[in-house]
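These notes concern the structure reproduced below.
Read the figures in this text as sums done on the coordinates, not as results from a lab. Given the structure is predicted, the values throughout are model-derived calculations rather than measurements. Using ideal geometry, Cβ is built from the backbone for each residue, glycine included, and neighbour counts are taken over all protein chains shown.
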Amino acid sequence: MSLTLEQVKRIAHLARIETSDAEALTTQGHLNGIFQLIEQMQAVDTSGVEPMAHAQDVSQRLREDAVTESDRRAAYQAVAPEVEVGLYLVPKVIE
C-alpha cells in the first residue's frame, strides 16, 4: 500500500495540520517507507512462532510482600484541619 500526495494532504487536513507541498511530499515518503516495512514484516511466515509477552525472556526479582511501615494515621490526622470519625473533612466545592 502506498499513499498518494492527495491522500497525505487529506490526512493532514483531517488532523488539522497545515503542511506545505514540500512537507507533504516528505511526509509521503516517510509514510510509504513505513508501509513498505509493514508489508515486509507481514510477508514473514510466523506460523511456528509462539507469541511472547515481552521481547526479553526475563523475570523480575520480587520482594517479600510484607508491611514495612507503621500505621501513622493518627499522626497525620492530628495535624489535619478537620477530622471526623477517622475521615478528613473538606469544604464543599460543588453546589
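Apply the Kirkwood formula to region 44-95: the hydrodynamic radius equals the inverse of the mean of 1/r over all pairs of different alpha-carbon atoms; give it in Å with one decimal.
17.4 Å
Restricting attention to region 1-45, which trypsin sites (Lys or Arg not before Pro) occupy a DSSP loop and are surrounded by at most 10 other Cβ atoms within 10 Å?
Arg16
So if R0 is 35 Å, what FRET efficiency would Thr26 and Ser47 give, r being the distance between their Cβ atoms, rounded to the nearest 0.05?
Efficiency, rounded to the nearest 0.05: 0.40.
Angle between the Cα long axis of helix 5-14 and the longest principal axis of the chain, 0 to 90 degrees, nearest 10?
20 degrees
Any idea what angle helix 21-43 forms with the longest principal axis of the chain, computed on alpha-carbon atoms, 0 to 90 degrees, nearest 10?
80 degrees
Could you tell me what fraction of 2.2 N^0.38 Å the Cα radius of gyration of the chain comes to, as a two-decimal ratio?
In units of the 2.2 N^0.38 Å rule of thumb, it is 2.32.
Divide by every residue of the chain the summed helix terms, -39500 (n - 2.57) for each DSSP H run of at least 4, and state the resulting mean residue ellipticity at 222 nm, rounded to the nearest 500 deg cm²/dmol.
-13000 deg cm²/dmol
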